Structure formats: C-alpha cells, structure tokens
Amino acid sequence: MVWLDQRTSCQHLPQSLGLIENNAVDFDKGCYPGQEIIARLKYLGKAKHTIRKFHANINSDTLVAANYLRDHSGKRQGQRLNSISLGNKTRGLAVVSCAALAAASELNFTDDNAQRIGEEIVFDQA
C-alpha cells in the first residue's frame, strides 16, 4: 500500500494508486467526496496512470530532490511516491503514465526544475 505525504497528497486518483485492485475503495457504500468522478472512471474510462515498483542507481542524498519522472523530451511522465536507498541503490513506488510504459520510454528522475538526476529508472513488471 502506498503512503502519501504533503508532497504527493491530492495529486492522484485511487485507480492510479492501485487502491481499486487492493479493494480499498467500496463502490457500493454510501457517499464520499469525489465519488462520482471515481465511479465514472471505473465504469466508463480507463486510468492514464498506474503505480509501479522501480529501482534505480541513485543515492539517497540526491534522491531527496528527485520528485518527478520525465522522458527524453522533458515531458513529465510520473511522480516518485515512496522510496528507500541503500548506498547508490534505490527501490520504491512511483505513479507512471501508462502510455510511457507501453512505449517503453526511457524515464529519468528530475527535480522541480526538470534537471535530470541519476540514471534511467527500471520498472518491475506489473
């Protein structure tokens, strides 16, 4: 299960965070804020983003600023949610564009100014 903090809160739909697959959203229970949007996406649409495990060669000091995932053209394709580092090895969770995954785009971490940080990110299979 993903942990959201101030940096990532209110930025992703439950479908993008894997909450539907983990039965964390009940479509048959009462009313809650955003229920119509969530139900509409479930019954009529398809999520544009998904949650994936990743690993990368990047150290923990550098990772603090690495919030976003961008492709070679600089287009934002996702966001790092949680991660843990041991030396230069990092593993974690990110919300990633389904289109970028399908196209097997090379993605890299970037800071808030779109400056590339570290090497290519490798995603685990779904």
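Checking the stated criteria, A56 turns out to be assigned by TED's automatic domain parsing to the domain that holds R76 and under 24 Å from A99 (Cβ atoms). Note on the stretch 93-115: residues that are crowded, with 19+ Cβ neighbours inside 10 Å and in contact with a helix residue (DSSP H, G or I) (Cβ under 9 Å, 6 or more places away or on another chain) total 2.
You will find that of I121, I117, I58, the residue that is touching a His at 6+ places or on another chain (Cβ under 9 Å) and among the β-branched types (V, I, T) is I121 and no other. Restricting attention to the stretch 100-126, the residues that are closer than 19 Å to D61 by Cβ and part of a strand (DSSP E or B) total 7.
Only residues that are charged (D, E, K, R) and more than 20 Å from H49 (Cβ to Cβ) were counted in the stretch 1-38, giving 3.
Quick check on L41: is it touching a residue at least 24 places away in the same chain (Cβ under 8 Å) and in contact with a strand residue (DSSP E or B) (Cβ under 9 Å, 6 or more places away or on another chain)? So L41 does not fit the description; no.
Every residue in the stretch 3-12 that is modelled with pLDDT under 75 and surrounded by 17 or more Cβ atoms within 10 Å (Cβ to Cβ), please. Matches in the stretch 3-12: T8 only. Q15 meets the stated requirement of being surrounded by 15 or more Cβ atoms within 10 Å (Cβ to Cβ), part of a loop (DSSP other than H, G, I, E, B) and either modelled with pLDDT of 90 or more or not acidic (D, E) (or both). The strands (runs of 3 or more DSSP E) located wholly in the stretch 37-89 that include 1 or more residues which are touching a Phe, Trp or Tyr at 6+ places or on another chain (Cβ under 6 Å), of a type in the set (K, R) and closer than 23 Å to Q125 by Cα occupy 49-57, 76-86.
The values are calculated or read from the model by the stated rules, or taken from the named source; none is laboratory data. Values in this document were obtained by computation on a predicted structure and should not be read as measured data. Note that we place each Cβ from the backbone using ideal geometry, even for glycine, and neighbour counts take in every protein chain shown.
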